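Below: one structure, written as structure tokens.
The values are calculated or read from the model by the stated rules, or taken from the named source; none is laboratory data. Since this is a predicted model, take the numbers as computed values, not measurements. Here Cβ is always computed from backbone atoms with ideal geometry, including for glycine, and neighbour counts include all displayed protein chains.
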Amino acid sequence: MANFTLTCCSTADRSRSFFEGRRIPYVCFHWNEDGVDHLDDLYQAISPDEFYAAIKAGAMPTTSQPGVGEFVELWEPIVASGSDVLHVSLSSGLSGAFEAASIAARQVMDAHPDRRVLVVDSLGASSGYGMLVEYLADKRDEGATLDEAYDWAMSHRLNVHHWFFSTDLTSYVRGGRVSRVSGFVGTALKICPVLNMNSEGKLIPRDKIRTKAKAARDMVRRMEEHADGGHAYASKCMLSMSACRSDAEYVRSLVEAAFPALAGKVQINDVGTVIGSHTGPGTVALFFMGDERGE
């Protein structure tokens, strides 16, 4: 029996089959379109193609985090069964979910003083956050205690690198990350901004590169600079993408050619409805373990 139960949020952008197969309960974020609330249910109610087609057609979905009660509802039956909980949250630099989860954890522990619920701020998002969760599932299955897994997460969360580029700036303009003038000029000149997550778990623009092929190569260059062991990198590597599979497959081909010792084939995941509401279609993100992220 595992020493604890590992949980996370739907914004880890892994598949439902992954969470079920690795025994990781999750709480769903929400997205809203035209006044109708939807669960970020890992594309059970809507397909990625349908979701991003709606955005391309002009839909402007908004998002919201789970409430304190939703976290309590997730954990109550787990602790009642006699298990402690390690929860990994979407970055506090992007959402208030970590704070809500922390409040809920205190409520659950007050109701069950013999149980513990520890909450980790992943300082990550999408499948980078999901990769940290997978490492913790590995630790759990190897027999790590709750405290050992928590300490590992806190020590290694900034080693998970997140690099993004986007070929469609529409949603970035709507969200205020890119000005309207910059968005218009960038689209006209085929400029793809390259961004990453900093040490505070915030998304930071790092460069503006013309053409997505050059942006893809730049991300691989970043991996060469930061990955553990450089070209000898032998750990997990993942991609997530929003309605641009061919672009993600191109990045995967570059990564697999540059890093022949990778731990398996680079996995490509769909960006979920919540993260995707802010990126829109055309975003490719690369995740790997490396040196500690800075500002």
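Structure data summary
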quantity	calculated
Filter pass, D84 being surrounded by fewer than 23 Cβ atoms within 10 Å (Cβ to Cβ), in contact with a Leu (Cβ under 8 Å, 6 or more places away or on another chain), among the charged types (D, E, K, R) and farther than 27 Å from K202 by Cβ	yes
Out of S83, S122, S102, S47, sole residue that is within 18 Å of the chain's Cα centre (by Cα) and not charged (D, E, K, R)	S122
Residues that are among the β-branched types (V, I, T) and in a loop (DSSP other than H, G, I, E, B), drawn from segment 256-295	V266, V271
Residue, surrounded by the fewest Cβ atoms within 10 Å (Cβ to Cβ), within segment 1-26, restricted to residues that are in a strand (DSSP E or B) and in contact (Cβ under 8 Å) with a residue 60 or more places away in the chain	T5
Criterion: over 28 Å from N269 (Cα atoms) and touching a residue at least 40 places away in the same chain (Cβ under 8 Å) - qualifying residue of V117, V85, V133, V108	V117
S240 being modelled with pLDDT of 95 or more and outside any helix (DSSP H, G or I)	yes
